[in-house]
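Have a look at the structure below before the remarks.
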Amino acid sequence: MSENKDSSGGDLCSVDFEIFGYVQGVCFRMYAERKGLDLGLVGWVKNTSKGTVVGQVQGPRNLVNEMKVWLSKEGSPFCRISRADFKNERKIPKLELFGFSTRF
């Protein structure tokens with residue numbers, strides 16, 4: 001197996017995100033962490049002082065793309081997402097993080 005492929009054969013990538021809307025106080029971080037783990041991704045999620053949620057996701061590109069859709073369209077049950085910004089998307093040779101966690 002080459003170094004820049006995961007077990008399903010997809011390229012690994014990393015992306016930073018910021019989610020806007022009613023996304024704090026609605027368990028968004030907990031659901032995002034759970035979704036990331038369910039998809040087998042690594043990363044982190046954190047509330048900001050300006051009312052958004054930020055984080056980073058890493059893993060096979062197809063699964064990262066699935067997480068991006070979840071972050072921008074679904075989220076936690078009571079959230080209202082108005083916008084999702086994704087930046088610094090890049091191919092990575094190997095995962096740079098371990099697990100999926102909530103940061104404070």
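The values are calculated or read from the model by the stated rules, or taken from the named source; none is laboratory data. On a predicted model such as this, the values are computed, not experimentally measured, just so you know. Neighbour counts are summed over all protein chains in view; Cβ atoms, including those assigned to glycine, are modelled from backbone coordinates with ideal geometry. SASA here: full protein model, heavy atoms, side chains in, ligands and nucleic acids out. Shrake-Rupley method; radii C 1.70, N 1.55, O 1.52, S 1.80 Å.
Label-to-label distance for residue 94 and residue 74 is 3.1 nm, based on points extended 7 Å past Cα in the beta-carbon direction.
Short-range pairs are left out: with C-alpha atoms under 8 Å and at least six residues apart, the relative contact order of the chain is 43 percent.
Between residue 87 and residue 61, the simple spin-label model (points 7 angstrom out along Cα→Cβ) gives 2.3 nm. Residues 50, 73, sorted by accessible area with the largest first, give 73, 50 [1.4 Å probe; ligands and nucleic acids excluded].
Computed over neighbours whose Cβ is under 14 Å from that of residue 83, the net charge equals +3, Lys and Arg +1, Asp and Glu -1.
Compared with the dominant principal axis of the Cα atoms in the chain, helix 28-39 is inclined by about 20°. FRET efficiency for the pair residue 11 and residue 46, taken as 1/(1 + (r/R0)^6) with r the Cβ-Cβ distance and R0 = 35 Å, rounds to 0.85.
The value obtained for the chain, namely the Cα convex hull volume divided by the number of residues, is 84 Å³ per residue.
Restricting attention to the chain, the count of lysine pairs at 8 or more positions apart or across chains with alpha carbons under 25 Å apart stands at 25.
Only the Cβ atoms of Lys and Arg (+1) and of Asp and Glu (-1) were treated as charged; on that basis the dipole of the chain about its Cα centre amounts to roughly 280 debye.
Take the chain with all the other protein chains still there, run a 1.4 Å probe, and you get 57 Å² of accessible area per residue.
For the chain, modelled as a GNM whose springs connect Cα atoms under 10 angstrom apart, the maximal fluctuation among 40, 25, 59 occurs at 25.
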